[in-house]
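Data block below; observations after.
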Amino acid sequence: MEKITVAKGKKVYFASDNHLGAPTMEESRPREKKFVAWLDHIKQDAAAIFLLGDLFDFWFEYKTVVPKGYTRTLGKLAELTDAGIPVYFFVGNHDLWMHGYFEEELNIPVFHKPQQFKLNDTIFFIGHGDGLGPDDKGFKRMKKVFTNPVSKWFFNWLHPDLGVKLGKYLSVKNKLISGDDDAKFLGEDKEWLVQYAKRKLEQDHYDYFVFGHRHLPLTIALNDKATYVNLGDWINYFTYGVFDGNTLTLETYKP
């Protein structure tokens, strides 16, 4: 469990599901500029920043090629880490094909599975949220295909112009990937990430479960000590999490 000290006057920030590049690069650029403005705004008091996946609507790292674009975002992230602000990235279902670019170029550790962090004395369980819990079955099947070494090997041999074009098309059109079909509150008893968190609590104690993926800003008490938080997105809500050293809250960015 990695430990982070949040000094007085400092905060830890969480954001998820930007889907930059969707539905087109041109249409997502105002959202990207807004996100970069937020990163610039929080750098003054950020003890750490957690990005919980689907930053891009499609991302695939070839050996010497990454998708074109996102210069403002990548440049700002490099500026933050160069200034000594730790940034942690959790892959989502749209940008799971990461293989070293963020670590090597931006000094940002990348996690492919949920992780535990201790912020001061508060224990967090953090992840994107895809494929967890008793539901999300369609995506679970599709993720097995995406993460299969043979599938990745074949895709890697596509010319980048063709591979990126195909990947972007599927990201927007395939409902299992995009998650558009279930981006609505199902009720606490049907929220599969809530059910997943409750099962984890049977094994160990956590103060906060923080996920993305659902595109819904949610704060749900699991018991008298543990809370489930979904960060929402940067498409419709522009919400993010703020931990002040004691409590995690959801806020909306309004520049």
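Values for this structure:
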quantity	calculated
Single condition residue 29 does not satisfy, out of (1) touching a Lys or Arg at 6+ places or on another chain (Cβ under 9 Å); (2) touching a residue at least 12 places away in the same chain (Cβ under 8 Å); (3) at negative phi	(2)
In the stretch 236-248, residue farthest from residue 29 (Cα to Cα) [restricted to those that are open to solvent by 60 Å² or more (accessible area, probe 1.4 Å) and modelled with pLDDT of 95 or more]	246
Count of residues meeting criterion [over 22 Å from residue 24 (Cα atoms), of a type in the set (Ser, Thr, Tyr) and touching a residue at least 40 places away in the same chain (Cβ under 8 Å)] in the stretch 69-91	1
All positions within the stretch 1-22 that are part of a loop (DSSP other than H, G, I, E, B), open to solvent by 80 Å² or more (accessible area, probe 1.4 Å) and either in contact with a helix residue (DSSP H, G or I) (Cβ under 6 Å, 6 or more places away or on another chain) or under 20 Å from residue 114 (Cβ atoms) (or both)	1
Among (1) over 13 Å from residue 129 (Cβ atoms); (2) touching a strand residue (DSSP E or B) at 6+ places or on another chain (Cβ under 9 Å); (3) not in a helix (DSSP H, G or I) - the single one residue 215 does not satisfy	(1)
Test: residue in the stretch 83-95 that is surrounded by fewer than 16 Cβ atoms within 10 Å (Cβ to Cβ) and modelled with pLDDT of 95 or more	yes
Residue list for the stretch 105-132, filter: open to solvent by 20 Å² or more (accessible area, probe 1.4 Å) and assigned to a loop (DSSP other than H, G, I, E, B)	107, 109, 112, 113, 114, 120, 121, 131, 132
Residues located in the stretch 211-233, provided they are closer than 19 Å to residue 243 by Cβ and open to solvent by 10 Å² or more (accessible area, probe 1.4 Å)	217, 218, 219, 220, 221, 222, 225, 227
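The values are calculated or read from the model by the stated rules, or taken from the named source; none is laboratory data. As the structure is a computational prediction, the values presented were derived from the model and not from experiment. Glycine gets a Cβ as well: all are built from the backbone with ideal geometry, and neighbour counts include every protein chain shown. Just the protein is used for accessible areas: all its heavy atoms, side chains included, with ligands, DNA and RNA removed. Shrake-Rupley method; radii C 1.70, N 1.55, O 1.52, S 1.80 Å.
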